Amino acid sequence: MGRSTGSRAIAPAHTAIEHRTFRSQGSTRHLDTVPTQTTPPDFDGVTLVRHPLVQHKVTRLRDRAAPTKLFKELVDEIAMLLAYEATATLQLEPYPVDTPLETHIGVTVQGKKLTVVPILRAGLGMVEGVLRLVPGARVGHIGLYRDHRTLEPVDYYFKVPGDAADRAFIVLDPMLATGGSAVAAVASLKKAGAERITFMCIVAAPEGIRRLRAAHPDVHIICAAIDRELNAQGYIVPGLGDAGDRLFGTR
Ligand code: PRP
Ligand code: URA
């Protein structure tokens, strides 16, 4: 069990895999150097981004006191930082450029071949952060909501560019909880012809990761935190609550 302050329990550090290791030296606490991203044991096909800026911002995002404006800014900034990892396998093409001294054959990314697909609503909060890094990317949309009783996704909208087989897709959703929404979103993309799909989220539950990887083993997951578990209502714990409501102020 976690420590308790008043009525609120504080989970021990190891229950949410977003933490770096602290060493004590006298009264000063130092962070051990750790890789900025890693594949955690038991989570094949998952990249956990451990960069200090990402971890700092995820902790601020969890804070129930964070107002809507701050929450929105943090989701945007974390999405941009995660996008750096999610785009690491983008293909490059030769690109000649005239320096002041000579012609140099450099490289260029095929930005237009990338399509980001937010799952509505909460995924919308991650779009601009990714586009800041890849302004030429196209944007598709998948509308899904989770039925509060069954926790299964209900779809209501789907629109992506036509030439799906030629594109790389990054699906955006801050939360991977039971995994139902992610599995359904990826299935819809594949039905439309998509072959290269990455799933990018901020907080993932082990249950959701396992379900998505089992249904779509070809889909790599990029996340900023792997939390302890789901509660009886299907919320991620410790989590950050309802991401859509916190982003759009509909709590
Ligand atoms: C949230 C979240 C994911 C989904 C995750 O959306 O943004 O899409 O739940 O849960 P799952 O992994 O169990 O499917 P929600 O259904 O609350 O819709 P909203 O974004 O419109 O609020
Ligand atoms: N959707 C959310 O927004 N938060 C959760 O914890 C689970 C699903």
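Some observations on this one:
Conditions (1) within 12 Å of ligand 2 (Cβ to nearest atom); (2) surrounded by 17 or more Cβ atoms within 10 Å (Cβ to Cβ), marked per residue:
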residue: T150; (1), (2): no, no
residue: P153; (1), (2): yes, yes
residue: T178; (1), (2): yes, yes
residue: V183; (1), (2): no, yes
residue: K190; (1), (2): no, no
residue: R196; (1), (2): no, yes
residue: V203; (1), (2): yes, yes
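- Of the residues examined, V127 is not one that is β-branched (V, I, T) and more than 16 Å from ligand 1 (Cβ to nearest atom).
To keep it simple, each residue is scored yes or no on (1) within 16 Å of ligand 2 (Cβ to nearest atom); (2) touching a Ser or Thr at 6+ places or on another chain (Cβ under 7 Å); (3) at pLDDT 95 or above; (4) within 22 Å of G45 (Cβ to Cβ).
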{"site": "G111", "(1), (2), (3), (4)": "no, no, no, no"}
{"site": "V130", "(1), (2), (3), (4)": "no, no, yes, yes"}
{"site": "I142", "(1), (2), (3), (4)": "yes, yes, yes, yes"}
{"site": "D166", "(1), (2), (3), (4)": "no, no, no, no"}
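- Residue list for region 180-205, filter: in contact (Cβ under 8 Å) with a residue 60 or more places away in the chain and within 15 Å of ligand 1 (Cβ to nearest atom): S181, A182, A185, L189, M200, I202, V203, A204
- Failed item in (1) under 26 Å from T59 (Cβ atoms); (2) more than 14 Å from ligand 2 (Cβ to nearest atom), with L172 passing the rest: (2)
- Qualifying strands (runs of 3 or more DSSP E) (wholly inside region 102-199; at least 2 residues being within 21 Å of I236 (Cα to Cα) and more than 16 Å from the chain's Cα centre (by Cα)): 141-146, 153-159
- Odd one out for A232, checked against (1) among the hydrophobic types (A, V, I, L, M, F, W, C); (2) away from ligand 1 (no atom under 12 Å from the Cβ); (3) surrounded by 15 or more Cβ atoms within 10 Å (Cβ to Cβ): (3)
- Residue identified as out of contact with any Asp or Glu (no Cβ under 7 Å at 6 or more places or on another chain) and loosely packed, with under 13 Cβ neighbours inside 10 Å among E85, E73, E93, E77: E93
The values are calculated or read from the model by the stated rules, or taken from the named source; none is laboratory data. Computed from a predicted structure; not experimentally measured. When we count neighbours, we look across all protein chains shown, and the Cβ atoms used for this are built from the backbone with ideal geometry, even at glycine.
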